[in-house]
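A.B. asks: Below you'll find the structure I mean.
The values are calculated or read from the model by the stated rules, or taken from the named source; none is laboratory data. Computed from a predicted model, the values in this text were never measured in an experiment. FYI the Cβ positions are ideal-geometry reconstructions off the backbone, even for glycines, and counts take in every protein chain you see.
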């Protein structure tokens, strides 16, 4: 895929979003819409993106968008799909676009319902690993040892990040994939593949956040890339909940460069770091076993 | 065509006659028969519609909002706890101007668990911006769902059709089934000018500043106030076509009455019977059924109350620490308009206790004599309270 072929004037994300400098979630939307095109309706709950889009009467997106209640993304998307189908408009992609709080936490029940029914929606979670729009509060997507305003230095988050991909796989959805803003080609290929499949498709998209992760805005891509290289955020796909495919087999890099690049991890003790590394290694081994060594690199 | 059916079945059949395009369903007693019936109707192909088995009432309303946003006619039914769970999205549906029609079976809220009739569930949603209609009988359920869509789509506001748990949901009555062609004529397909449409991309529900926010709310409030007249206009057209009247209030012997008894839902039947009994005893009683609670038919109430000395309000609900909710509404509507009238509020029939003509007569006697079985608590008198 030639990235240079995408010109600004054809972008469905127009200049003038309300995000912070270096916002990973803005890139996430741009890359996604590059593939989905105009025949797309976006459903977004409360979250960074309901601010990024702009203040009425302005919008930086030139596809139809509905901003919905926090926990209703998947259910509203299911209703939109049903409404469109009832009117014979079954070709339109309904993109449910929620952050980690809106997906892992408050929106999870509705997502589970839609996945169980296999509603024909594309659900993308842009994961910045905390409630960033409300000012950096921990979610169940926040990694262990991480600082947020509700897991302060005196009480850094003890729990691991919730395994959302495993949970979606257990629902048996036809397609689930992890992706990162640091690898747009991989992301776009996954969105494209998702478009060719009917039913509930889920993409877990890592979108680094300079404001909440406490790194310089110009490091957004680099930090997200380090998450892949250190095997903290592996890129893989799951088909029908059964066929696991690994998309990248990075040479093992220590987690330190990733953690040290971000202020949110600077209060971790050496013990916490060691435990973090152990978790990463264990999760990686489990993943590789599920993928039976199959590498489906792009 | 005439048929015997329960209120829950009538609600489902009315949704079919209204040719709803999306049904979102979650079971809760005593509404469940409605969504079961619709599953059957859609399953066997008698209605071309999408049926979504959602995982909660919150998602039922959310998916109705999504469907309505695309320009589809959406329907759901709920009750009690389910309605309470929907609270957040009820505000959303009216704020987004989605003309959804929802049937609510009025059932008591827990704890303790109780499946029987009580109006606190829907009356505690009265500030969510939904048009609220309370049915008196099964025919009223059938007809008001159809009128409901007509009004909802003309003003772009959602409508809640309320029917009393078991008294209507599970009571079979003989009713007239409207002819499909005539319903189609009364209720044309829904084609909103603004919707989620890839050929005309628009953004709905963005963040908005304080200045515009208050204007949006003001417009909604003004539209809502006009719904009293819009409903009566639609009801008049419905009456022309189908010969049945379903207005925002229903009166009996009000003109020469000295005492006016006000109620909502099926209690209005008992109240109406009590008026006959009281008149027989020489008491100049009249009755008024408020079928619409939101918007509140202030002008109609004021006109009906003029010249009366006493009003009795029967509330199957309560606002704890205040009084019956309808009593408060009536007092607020009459404030400054009828200063001489006494308003006596009774909290009666909650949690499924029967309201009968006899029980209403007792309330009237207590109002006249100043003593009786009902126990005073603040501004309300409670019946069926253990000593």
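A.B. asks: Confirm whether residue B:63 is within 13 Å of chain A (Cβ to nearest Cβ), part of a helix (DSSP H, G or I) and free of Cβ contacts under 8 Å to residues at least 60 places away in the same chain. It would help to see each step written out before you state the result.
C.D. replies: On the way: within 13 Å of chain A (Cβ to nearest Cβ): yes; part of a helix (DSSP H, G or I): yes; free of Cβ contacts under 8 Å to residues at least 60 places away in the same chain: yes.
It is true that residue B:63 is within 13 Å of chain A (Cβ to nearest Cβ), part of a helix (DSSP H, G or I) and free of Cβ contacts under 8 Å to residues at least 60 places away in the same chain.
A.B. asks: Moving on to the next point. Can you list residue pairs whose Cβ atoms sit under 6 Å apart, with the first residue in the stretch B:202-223 being at positive phi and the second being surrounded by 13 or more Cβ atoms within 10 Å (Cβ to Cβ)? Count only pairs 6 or more apart in sequence or on different chains.
C.D. replies: Between residues of the stretch B:202-223 that are at positive phi and residues that are surrounded by 13 or more Cβ atoms within 10 Å (Cβ to Cβ), the close pairs are B:205/A:66; B:205/A:67.
A.B. asks: Also, I was wondering about something else. Looking at A:107, A:88, which is the one that is more than 8 Å from every other protein chain (Cβ to nearest Cβ), farther than 19 Å from residue B:72 by Cβ and modelled with pLDDT of 95 or more? Break it down into steps so the answer makes sense when it comes.
C.D. replies: Details: A:88 fails: farther than 19 Å from residue B:72 by Cβ.
Only one candidate qualifies: A:107.
A.B. asks: Here is a follow-up. Taking residue A:210, is it closer than 18 Å to residue A:141 by Cα, under 14 Å from the mean Cα position of the chain (by Cα) and buried (at least 20 other Cβ atoms within 10 Å of the Cβ)?
C.D. replies: Working: closer than 18 Å to residue A:141 by Cα: yes; under 14 Å from the mean Cα position of the chain (by Cα): no; buried (at least 20 other Cβ atoms within 10 Å of the Cβ): yes.
In short, no.
A.B. asks: Restricting the search to the stretch A:15-53, which residues are part of a loop (DSSP other than H, G, I, E, B) and more than 7 Å from every other protein chain (Cβ to nearest Cβ)? I'd like the intermediate steps shown before the answer.
C.D. replies: So the first thing to find is which residues in the stretch A:15-53 are part of a loop (DSSP other than H, G, I, E, B), and the list is A:15-23, A:37-39, A:46-47, A:53.
Selection gives A:15, A:16, A:17, A:18, A:19, A:20, A:21, A:22, A:23, A:37, A:46, A:47.
A.B. asks: Quick check on my filter: what residues within the stretch B:1-48 are part of a helix (DSSP H, G or I), surrounded by 24 or more Cβ atoms within 10 Å (Cβ to Cβ) and within 14 Å of another protein chain (Cβ to nearest Cβ)?
C.D. replies: Scanning the stretch B:1-48 gives B:15, B:38.
A.B. asks: To continue, here is another question. Given the criterion within 13 Å of chain B (Cβ to nearest Cβ), buried (at least 24 other Cβ atoms within 10 Å of the Cβ) and either within 19 Å of the chain's Cα centre (by Cα) or part of a loop (DSSP other than H, G, I, E, B) (or both), identify the matching residue among A:82, A:78, A:115. Give the derivation first.
C.D. replies: Details: A:82 fails: either within 19 Å of the chain's Cα centre (by Cα) or part of a loop (DSSP other than H, G, I, E, B) (or both); A:78 fails: either within 19 Å of the chain's Cα centre (by Cα) or part of a loop (DSSP other than H, G, I, E, B) (or both).
Of A:82, A:78, A:115, the one residue that is within 13 Å of chain B (Cβ to nearest Cβ), buried (at least 24 other Cβ atoms within 10 Å of the Cβ) and either within 19 Å of the chain's Cα centre (by Cα) or part of a loop (DSSP other than H, G, I, E, B) (or both) is A:115.
A.B. asks: Test residue B:194 against the criterion of being loosely packed, with under 13 Cβ neighbours inside 10 Å, within 14 Å of chain A (Cβ to nearest Cβ) and touching a strand residue (DSSP E or B) at 6+ places or on another chain (Cβ under 9 Å), and give yes or no. Before the answer, list the steps.
C.D. replies: Values: loosely packed, with under 13 Cβ neighbours inside 10 Å: yes; within 14 Å of chain A (Cβ to nearest Cβ): yes; touching a strand residue (DSSP E or B) at 6+ places or on another chain (Cβ under 9 Å): yes.
Considered against the rule, which asks whether it is loosely packed, with under 13 Cβ neighbours inside 10 Å, within 14 Å of chain A (Cβ to nearest Cβ) and touching a strand residue (DSSP E or B) at 6+ places or on another chain (Cβ under 9 Å), residue B:194 comes out as yes.
A.B. asks: Moving to a separate point now. Among B:361, B:330, B:343, which is within 30 Å of residue B:386 (Cβ to Cβ) and crowded, with 24+ Cβ neighbours inside 10 Å? I'd like the intermediate steps shown before the answer.
C.D. replies: On the way: B:361 fails: crowded, with 24+ Cβ neighbours inside 10 Å; B:343 fails: crowded, with 24+ Cβ neighbours inside 10 Å.
Unique residue meeting the criteria: B:330.
Residue-wise test of (1) surrounded by fewer than 19 Cβ atoms within 10 Å (Cβ to Cβ); (2) assigned to a loop (DSSP other than H, G, I, E, B); (3) in contact with a helix residue (DSSP H, G or I) (Cβ under 9 Å, 6 or more places away or on another chain); (4) within 14 Å of chain A (Cβ to nearest Cβ).
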position: B:153; (1), (2), (3), (4): no, no, no, no
position: B:162; (1), (2), (3), (4): no, no, yes, no
position: B:173; (1), (2), (3), (4): yes, no, yes, no
position: B:185; (1), (2), (3), (4): yes, no, yes, no
position: B:198; (1), (2), (3), (4): yes, yes, no, yes
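A.B. asks: May I pose another question? Give the stretch A:118-156 a look and list any residue that's within 14 Å of another protein chain (Cβ to nearest Cβ) and without any contact (Cβ under 8 Å) to a residue 12 or more places away in the chain, or say none.
C.D. replies: Step one: filter the stretch A:118-156 for residues within 14 Å of another protein chain (Cβ to nearest Cβ), giving A:118-121, A:123, A:133-134.
Once the filter is applied, which keeps residues that are within 14 Å of another protein chain (Cβ to nearest Cβ) and without any contact (Cβ under 8 Å) to a residue 12 or more places away in the chain, the stretch A:118-156 yields only A:134.
A.B. asks: Next question, about the same structure. Go through the stretch A:185-202 and count every residue that is buried (at least 21 other Cβ atoms within 10 Å of the Cβ), in contact with a helix residue (DSSP H, G or I) (Cβ under 6 Å, 6 or more places away or on another chain) and outside any loop (DSSP other than H, G, I, E, B).
C.D. replies: The total comes to 4.
A.B. asks: Given B:184, B:229, B:199, which one is at pLDDT 95 or above and more than 27 Å from the chain's Cα centre (by Cα)? Before the answer, list the steps.
C.D. replies: On the way: B:184 fails: more than 27 Å from the chain's Cα centre (by Cα); B:229 fails: more than 27 Å from the chain's Cα centre (by Cα).
Only one candidate passes the filter, namely B:199.
A.B. asks: Still on this structure, I have one more. What do you reckon, is residue B:70 touching a strand residue (DSSP E or B) at 6+ places or on another chain (Cβ under 9 Å), within 22 Å of residue A:85 (Cβ to Cβ) and in contact (Cβ under 8 Å) with a residue 12 or more places away in the chain? So that I can check it myself, show each step before the final result.
C.D. replies: Working: touching a strand residue (DSSP E or B) at 6+ places or on another chain (Cβ under 9 Å): yes; within 22 Å of residue A:85 (Cβ to Cβ): yes; in contact (Cβ under 8 Å) with a residue 12 or more places away in the chain: yes.
So residue B:70 passes the test.
A.B. asks: Can you tell me which of (1) touching a strand residue (DSSP E or B) at 6+ places or on another chain (Cβ under 8 Å); (2) farther than 20 Å from residue A:131 by Cα; (3) buried (at least 24 other Cβ atoms within 10 Å of the Cβ) is the one residue A:73 doesn't meet?
C.D. replies: Residue A:73 satisfies every listed condition except (2).
A.B. asks: Any residue in the stretch B:95-104 that is in a loop (DSSP other than H, G, I, E, B), out of contact with any helix residue (DSSP H, G or I) (no Cβ under 6 Å at 6 or more places or on another chain) and more than 12 Å from every other protein chain (Cβ to nearest Cβ)? Can you show your working first?
C.D. replies: Filtering the stretch B:95-104 for residues in a loop (DSSP other than H, G, I, E, B) gives B:96-100.
Next, from what is left, pick out any that are out of contact with any helix residue (DSSP H, G or I) (no Cβ under 6 Å at 6 or more places or on another chain): B:96-97.
Subset that is more than 12 Å from every other protein chain (Cβ to nearest Cβ): B:97.
Scanning the stretch B:95-104, I find at least one residue that is in a loop (DSSP other than H, G, I, E, B), out of contact with any helix residue (DSSP H, G or I) (no Cβ under 6 Å at 6 or more places or on another chain) and more than 12 Å from every other protein chain (Cβ to nearest Cβ), so the answer is yes.
A.B. asks: Related question: Looking at residue A:73 and the list (1) at the interface with another protein chain (Cβ under 8 Å from one of its Cβ atoms); (2) closer than 22 Å to residue B:76 by Cα; (3) in contact (Cβ under 8 Å) with a residue 12 or more places away in the chain; (4) outside any strand (DSSP E or B), which single condition is not satisfied?
C.D. replies: (1)
A.B. asks: Exactly one of these conditions fails for residue B:363: (1) in a helix (DSSP H, G or I); (2) on the phi > 0 side of the Ramachandran plot. Give me its number.
C.D. replies: (2)
A.B. asks: Then there's this: In the stretch B:200-225, how many are over 28 Å from residue A:60 (Cβ atoms) and surrounded by 14 or more Cβ atoms within 10 Å (Cβ to Cβ)?
C.D. replies: 2
A.B. asks: Could I ask something else about it? When the stretch B:66-93 is examined, which residues are found to be part of a helix (DSSP H, G or I) and either farther than 17 Å from residue B:132 by Cα or at the interface with chain A (Cβ under 9 Å from one of its Cβ atoms) (or both)?
C.D. replies: B:66, B:67, B:68, B:69, B:81, B:85, B:88, B:89, B:91, B:92
A.B. asks: Further question: Among helices (runs of 4 or more DSSP H) lying entirely in the stretch B:252-341, which contain 3 or more residues that are farther than 26 Å from residue B:107 by Cα and out of contact with any helix residue (DSSP H, G or I) (no Cβ under 8 Å at 6 or more places or on another chain)? Step through it out loud before you land on a result.
C.D. replies: Details: elements: B:267-280, B:298-305, B:325-334.
Result: B:267-280.
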